[in-house]
2 protein chains.
Amino acid sequence: MTINIYDGFMPESHPAPARFPVTVDVVALTVTDDVLKVLLITRLIEPFRGRLALPGGFVLAGEDLATAAGRELTEETGVVGVPGHLEQLGSYGPKGRDPRGDVLTVAHLLLAPNFPVLSAGSDAEHAAWYPVSQVLDGELQLAFDHERILVDALERAKSKLEYSPLGAAFCGDEFTIAQLRAVYEAVWGTRLDPRNFHRKATGTPGFLEDTGRMTTGDAGRPAALFRLAEAARQAAGQPVRAVLNPPLMRPRA
Amino acid sequence: MTINIYDGFMPESHPAPARFPVTVDVVALTVTDDVLKVLLITRLIEPFRGRLALPGGFVLAGEDLATAAGRELTEETGVVGVPGHLEQLGSYGPKGRDPRGDVLTVAHLLLAPNFPVLSAGSDAEHAAWYPVSQVLDGELQLAFDHERILVDALERAKSKLEYSPLGAAFCGDEFTIAQLRAVYEAVWGTRLDPRNFHRKATGTPGFLEDTGRMTTGDAGRPAALFRLAEAARQAAGQPVRAVLNPPLMRPRA
DNA sequence: ATATTTATCGTCATATTGACAATAAATCGG
DNA sequence: CCGATTTATTGTCAATATGACGATAAATAT
């Protein structure tokens, strides 16, 4: 295969600028049944055929990173639009991550409520939610450097919950304090005192807004339904300034 | 120009994978005379010839991102080794950032004590420290999307100071509490109460370590010299866990 | 020698956290 | 239908941390 490359393209550097294949990978996290789960696909081709991997794929010419990440997510799950909070995590490579050659990947982090994934036919890569703990245990093994990326994503997610309202990205539009607390507990891997959590969540100005409605049908006393306050909602890709101030810190190990 | 590309290279995606030129850019920050400064070079070629820009350049084949960032820094300033804390900031593009075509850039953040930059001859790109405020004012204009990258870098730096010991990356190995406070004030753009800052800095376990030595010659009472405690020092590229817990938050605007 | 400067220690009211008691309001099991 | 159980929510109280600021210590500057 032969490709023509425009020649007059050496902005600032003297050695021949290399071109790299660029992929986006998405670490999609969700919480279901109090368990933190990650979206993984089963690879159908070498290398790492049959192995689990993060959903992702090549960035196309003229495409932006966030666009590519959203597109890959849609392609591999059938979900329409971005189902939660998507942010860039970081870039990995290009050296030594793919046995076939240098590939740069830009990892993204998606925090979303559980969404159904397309059950693909046998000739498509099957995507499904897996408990994060099974990957960290070594029970499940990931392709490439995807475990390292997952670990970084988890640390990012844990830290985001401390000072940002993004815990709510795991919930639907309306949620109870207990549901939000379950998210914190699943992501941090610790139990939190329901009363103190309630106090902090409801007592932080600009964080939550009472909808006035209550849950019904569940065991126990009905819970009030909240939504994110206007100040905490944010146009996609905005700074997400520290709404939780002072932050809600993870217990000190 | 014609380049041969290995053909069997389509891991997960169906459309032809594009290859992109990849650059690294470095937002190098330092504090001198209580002023936050950023390292900028003057471009010698189009586009944006004569305009100020972040130091950076192409990632070479077989090179890692952090390596490339360090190499570019060395090439443009003459500094030997990485003079402070270098971390990845984020990736930008590839669409619409360079008039010549799609270029992906991976921005990095360097927090370092002031270091001298090579005074280049007239035919090399001249690197120098500029007050960040002059860029934000619009007094200085940057090439490409470099101002946006700088803004993101500043937010990252501000936030890092809150919970990590990285403020000390701006100081030398040994420093006084007042010097550290000057870093916080310059980065955050606020004044801090010297007594409360002293209490927090010296009272946080695992943050600072008294060297036993004192400053001499300066005006006023001599100050004790501190260094980062072992727990706060970290192998380059490590997580930098929250040493400041609870964090030292910026004043609420 | 005294004024000035900077560092450091101390005080005190207020805010926040962590641990936990008590009450409210539903479902559950007979 | 009723008490047991479950979950939500409101409080209480001591320990900790913060913000505002007084006071003292130890240099240099005049």
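Some notes on this structure:
- Residue A:130 vs. criteria under 14 Å from residue A:38 (Cα atoms) and in contact with a Leu (Cβ under 9 Å, 6 or more places away or on another chain): yes
- One residue alone among B:219, B:201, B:231 is of a type in the set (A, V, I, L, M), surrounded by fewer than 17 Cβ atoms within 10 Å (Cβ to Cβ) and within 12 Å of DNA strand D (Cβ to nearest atom), and that residue is B:219.
- Complete set of residues in the stretch B:50-88 that are in a helix (DSSP H, G or I) and among the acidic types (Asp, Glu): B:72, B:75, B:76
- Qualifying residues in the stretch B:223-238 (those that are at pLDDT 80 or above and part of a loop (DSSP other than H, G, I, E, B)) - the one farthest from the other protein chains (Cβ to nearest Cβ): B:223
- Cβ pairs under 8 Å, 6+ apart, first in the stretch A:239-253 and away from DNA strand C (no atom under 12 Å from the Cβ) and at pLDDT 80 or above, second assigned to a loop (DSSP other than H, G, I, E, B) and not aliphatic (A, V, I, L, M): A:243/A:164; A:243/A:204; A:243/A:206; A:243/A:207
- Verdict on residue B:185 being within 16 Å of DNA strand C (Cβ to nearest atom) and within 14 Å of chain A (Cβ to nearest Cβ): no
- As for the stretch A:152-163, it holds at least one residue that is under 30 Å from residue A:47 (Cα atoms) and among the basic types (Lys, Arg).
- Extreme residue, surrounded by the fewest Cβ atoms within 10 Å (Cβ to Cβ), among residues of the stretch B:57-79 that are without any contact (Cβ under 8 Å) to a residue 24 or more places away in the chain and within 7 Å of chain A (Cβ to nearest Cβ): B:62
- Options B:94, B:47; residue that is part of a loop (DSSP other than H, G, I, E, B), within 10 Å of another protein chain (Cβ to nearest Cβ), out of contact with any Leu (no Cβ under 9 Å at 6 or more places or on another chain) and farther than 26 Å from residue A:163 by Cβ: B:47
- Scanning the stretch A:159-166 for residues that are part of a helix (DSSP H, G or I), within 15 Å of the chain's Cα centre (by Cα) and charged (D, E, K, R) turns up at least one hit.
The values are calculated or read from the model by the stated rules, or taken from the named source; none is laboratory data. The shown structure was predicted, so the numbers you read here are calculated from the model rather than taken from an experiment. Ideal geometry is used to build each Cβ from the backbone, glycine not excepted, and the neighbour counts take in all protein chains shown.
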